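Notes follow the structure.
Quick note: the coordinates plus some simple rules give every number you see, no bench work behind them. Since this is a predicted model, take the numbers as computed values, not measurements. Virtual Cβ from ideal backbone geometry, glycine too; neighbours counted across all protein chains shown.
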C-alpha cells in the first residue's frame with residue numbers, strides 16, 4: 001500500500017539525513033512515524049511531503065521512505081498559493097499513492113493537496129485544531145483596549161491582534177473548502193466530529209487517538225522531587241493559549257502561596273532576549289508584560305523558551321502541577337503527556353478536552369472563570385502528597401495508557417488505511 005503523508009514539518013528519520021533542524025512541535029507525528037517504520041511486518045510504502053526551504057528536497061533512506069519538499073511561508077499560510085497546487089500534482093503523479101493522509105487543516109497547503117488529488121475518496125484529513133472555530137474565540141478574555149492596541153511591531157508586520165484573528169478566519173475558509181473536498185476525516189473528539197460533520201456531512205469520519213512522543217511513556221511524577229507550588233504551562237505565545245487568564249488569576253494564588261512560580265515554555269513573546277526584541281514586541285506580549293508588572297509577578301513567572309521532548313519532560317516532572325488555560329482546544333497533547341507522567345493537572349473545560357479526562361482524573365474549570373482557576377490551583381497545592389491526589393494521578397495515568405496506547409493506535413491507523421485504500 002502506497003501512502004503519501006503531507007505534514008507541516010519533517011520527520012526525524014528524514015531530518016537526520018538531510019541535516020534539517022527539527023522544531024519542537026507535533027511530537028505525535030514523531031511517535032506515529034517511529035511506530036510505522038519500526039514495524040517489521042509493515043506493508044506500507046511511505047512517502048512524506050514536508051515544508052522546507054529546500055523546495056526540491058528528496059531522500060530515500062534505510063527505511064525506504066521517499067521524501068518530497070514543498071515551500072510554504074508559515075507566516076503567510078492563510079494565503080492560497082496556486083503554485084502549490086501544481087507542485088503537489090507533480091508529487092502525486094510521481095509517487096502514485098493509494099491514499100493521501102494530510103495532517104492538519106491550519107495551512108493552505110491542505111487545500112492545495114485536496115484540489116491536486118484526482119480522487120477525493122482517497123484523501124484522509126487528520127484533524128488537529130480547527131482555525132474556523134479558534135477564530136471565534138481569539139479575543140476571549142482580552143480587554144477591548146488590548147484588542148484595539150497596535151505596537152510598532154504590529155504596524156511593521158501588519159500583524160496586530162485584529163489582523164491575527166482575520167488570518168485565522170481566512171485559514172478557516174481554506175480549511176472548510178479542504179474538508180468539503182476530502183472523502184475521509186480522522187479525528188479524536190466529539191468536538192472535532194461535530195464541526196467537521198457540519199463542514200462535510202458526506203465525508204466518512206474515522207475515530208483514532210494519537211500516539212505521543214516516546215519519552216513520555218517512561219517516568220513518573222514524584223511529589224518529593226518537584227518544586228512545590230510551581231505551575232507548568234506548555235505554550236503561551238498567542239491569545240488562544242490563555243496565558244492572560246492565568247496571569248490575571250496569579251496574584252490571588254500568590255496571596256495563598258507566596259512562593260508560587262509559573263514556567264511557560266514555547267516562543268518568548270515578552271522580548272526579554274534582547275533590546276531589539278523588546279522594542280519590537282507585539283500587542284499580546286505587551287499585555288502579558290503589563291499583567292506581570294501590575295500583579296507584581298516578575299519573580300513568579302519564568303519563560304523557558306522552546307524545549308525539546310526531553311527538556312519538556314524534565315520540566316513536567318519538576319513542576320507541582322501542569323496547567324492548560326486555553327480558551328479553545330481540540331484535545332491538547334500536552335494534557336496527555338502530563339497524564340502519562342501521572343502528575344496533577346488542571347485544564348480549562350473547552351473543545352474536546354473531556355474526551356481526554358474527567359473530574360476524577362484532573363481538575364476541569366470553566367474557561368475564562370478566573371475564580372474557578374484560582375480555587376483549582378490552591379486546592380491542588382493543598383492536597384500535595386495526599387491519598388486523594390495520588391489516586392487522581394493514578395487514574396489519569398491509567399486512562400492515558402489506554403488513550404495513547406501506541407499499539408492500539410497503530411492498529412487503528414492500519415484499519416483506516418485499509419478501509420480507504422480498498
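Side notes on the structure shown:
- Folded to 0 to 90 degrees: helix 387-403 orientation relative to the chain principal axis, Cα: 10
- Projecting label points 7 angstrom from Cα along Cα→Cβ for residue 318 and residue 304 puts them 0.7 nm apart.
- Which of 363, 80 has the fewest Cβ neighbours within 10 Å, and the rest in rising order: 80, 363
- Fewest-first sequence of 392, 199, 339 by Cβ atoms within 10 Å of each Cβ: 199, 392, 339
- Full-extension gain in nm, residue 383 to residue 157, via 0.36 nm per residue minus C-alpha separation: 76.7 nm
- The chain: C-alpha pair distances exceeding 36 Å, %: 26
- Length-normalised contact order for the chain - Cα pairs under 8 Å, 6+ apart - percent: 15
- Percent of Cα-Cα distances greater than 27 Å, calculated over the stretch 215-403: 22
- With the simple model of a label 7 Å out from the Cα in the direction of the Cβ, residue 274 to residue 398 spans 5.2 nm.
- The packing ranking of peptides 35-43, 106-114, highest mean first, is 106-114, 35-43, where packing means the average number of other beta carbon atoms within 10 angstrom of each residue.
- Over the stretch 260-317, volume per residue of the alpha carbon convex hull, in Å³: 86
- Cα-Cα P(r), the stretch 2-207, percent of pairs per 10 Å interval: 8, 32, 35, 18, 6, 1
- Among 224, 337, 72, residue whose mean-square fluctuation peaks in a GNM of the chain (springs only between Cα atoms under 10 Å): 224
- Only beta bridges with both residues in the stretch 2-207 are counted; by DSSP, about 10 percent of them are antiparallel.
- Full extension of the segment from residue 198 to residue 406, taken as 0.36 nm per residue of separation minus the current Cα-Cα distance, would add 71.9 nm.
- Contour minus Cα-Cα distance for residue 371 and residue 419 (0.36 nm per residue): 12.5 nm
- Each peptide in 186-193, 203-210 gets a packing score, the mean of other Cβ atoms within 10 Å over its residues, and the list from highest to lowest is 186-193, 203-210.
- Computed from Cα positions, the angle between helix 27-37 and the longest principal axis of the chain comes to roughly 40 degrees.
- For the chain, the longest principal axis of the alpha carbon atoms and the long axis of helix 406-421 meet at an angle near 40°.
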